[in-house]
Structures are given as structure tokens and as C-alpha cells.
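No lab work stands behind these numbers, since they all come straight from the coordinates. Predicted, not measured: the structure shown is a model, and the values here were computed from it.
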Amino acid sequence: MAGMASREIQTPADRPPRGEGSGHVPLRSCVGCRRKRPKQELIRLAVDPLGTVILDAPARAPGRGAYLCRDNGVECLKAARRRRSLSRSLRVGENVIDPEVLSDQLAGLVKEEPSSPPP
Ligand SMILES: [Zn+2]
């Protein structure tokens, strides 16, 4: 007797999003290990008005930016320097990148992380 046809409702939601900025977590790739990660797991590097590459922790500096893994920044910085991908994505010369200053700051960021305190 029941004459109700059950229809399947189709949602257009299972289509994979194209590109970025569609309400999802924005992914950026690390210039060192090339891994794609959510922005908050990366640290931004930018070029300051003097042309020096700086760590842009608040990610507020205007202009071009490059990203390195926050938890592995020192290693990723090394990898980025080896393949010159940092200077390439920031459009600067290798000579304005001071690896010692940057890895020092990157190491400081990792220390600040209270995720696993030593006993
Ligand atoms: Zn990385």
C-alpha cells in the first residue's frame, strides 16, 4: 500500500575543493621539505624594508612570504638553502639570508612550544 518512493538526496559537498580559500584550512608548502601543512604549523619568512630576510612570526609583514616548518625549522631552513628555494620564493639573493640568525630564531620558536616539557 505504501506508495512513497524514497529518493536519495544528493549533496554537492563531496566534490574536492579546487585551489585554496574555500573555507578550509589554508595549506602552505614548506620551502625546505616541500610538505604541505596548515598555516599555523609553519612559520612565515619575509623580506623587511632593508632587504633582509626575517622571521615573520606574526605573519603580518607585507609582500612576498615563504614558509618553513615551525617544528623543524632549522632543518628545513638548511634544506631550503641547499636548493636555494628560499631565496627563489622570496625573490632575493642568497647573500641577504643570514642562516645563523634565522636558525637561531627558529630554534627559539621551537623552545617556546610547551608541547613536551623535559622532565
Ligand atoms: Zn619543512
Normalised per residue, the volume of the convex hull around the Cα set of region 27-111 (Å³): 81
Region 27-111, relative contact order [Cα under 8 Å, separation at least 6], %: 31
